[in-house]
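Data first, discussion second: the structure below is written as structure tokens.
The values are calculated or read from the model by the stated rules, or taken from the named source; none is laboratory data. Source: prediction; values computed, not measured. No Cβ is skipped: glycine too gets one built from the backbone with ideal geometry, and neighbour counts run over all protein chains shown.
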Amino acid sequence: MAHGGDTIFGRIIRKEIPAQIVYETEDVLAFRDISPVAPVHVLIIPKKPVASVAHATEEDAQLLGKLMLAAAEVARREGLLENGYRVVTNIGSDGGQTVFHLHLHVIGGRQMEWPPG
Ligand code: AMP
């Protein structure tokens, strides 16, 4: 199985740089965002280096499902079930993506607004 890729998240997967890991499976890693935008802000990433949802293929279908289920599990562990939370993935420049390794943001612990800015 591929592990990592040439981004900062690849280095976290390979444990070359530290991260506050909150959940890990064979395929998925979850760690706290270094610059949180809410009381809870966890990133869920595949260990396989897929650049974004737009780069995923049919081969990644099961992996994408595992990412969503990991997001729900992390939210449960972080105590977000009662009040709710947001799961979001940014894609490309207009989407606000800065790290080109697919990640879900799990954000909670405060009231969200819609539409996002
Ligand atoms: P995005 O803008 O959707 O690509 O999100 C990238 C996220 O990665 C941002 O929220 C950053 O704060 C976060 N981030 C960047 N470097 C690190 C790191 N070393 N550890 C944890 N989070 C990071």
query: Quick one: is Phe100 within 15 Å of Ile8 (Cβ to Cβ), surrounded by 11 or more Cβ atoms within 10 Å (Cβ to Cβ), aromatic (Phe, Trp, Tyr) and touching a strand residue (DSSP E or B) at 6+ places or on another chain (Cβ under 7 Å)?
result: no
statement: A careful count of residues in the range 44-54 that are buried (at least 19 other Cβ atoms within 10 Å of the Cβ) and within 11 Å of the ligand (Cβ to nearest atom) gives 1
message: Residue under question is Ile12, and the condition is that it be among the β-branched types (Val, Ile, Thr) and either loosely packed, with under 12 Cβ neighbours inside 10 Å or outside any helix (DSSP H, G or I) (or both); does it hold?
response: no
Members of the range 7-23 that are in contact with a Phe, Trp or Tyr (Cβ under 9 Å, 6 or more places away or on another chain) and either charged (D, E, K, R) or within 19 Å of Leu80 (Cβ to Cβ) (or both): Gln20, Ile21, Val22, Tyr23
message: With the structure loaded, tell me whether His3 is of a type outside the set (Lys, Arg) and at pLDDT 95 or above or whether it fails that test.
response: no
- line: Across the range 1-43, the tally of residues that are within 11 Å of the ligand (Cβ to nearest atom), farther than 22 Å from Gly109 by Cα and hydrophobic (A, V, I, L, M, F, W, C) stands at 4
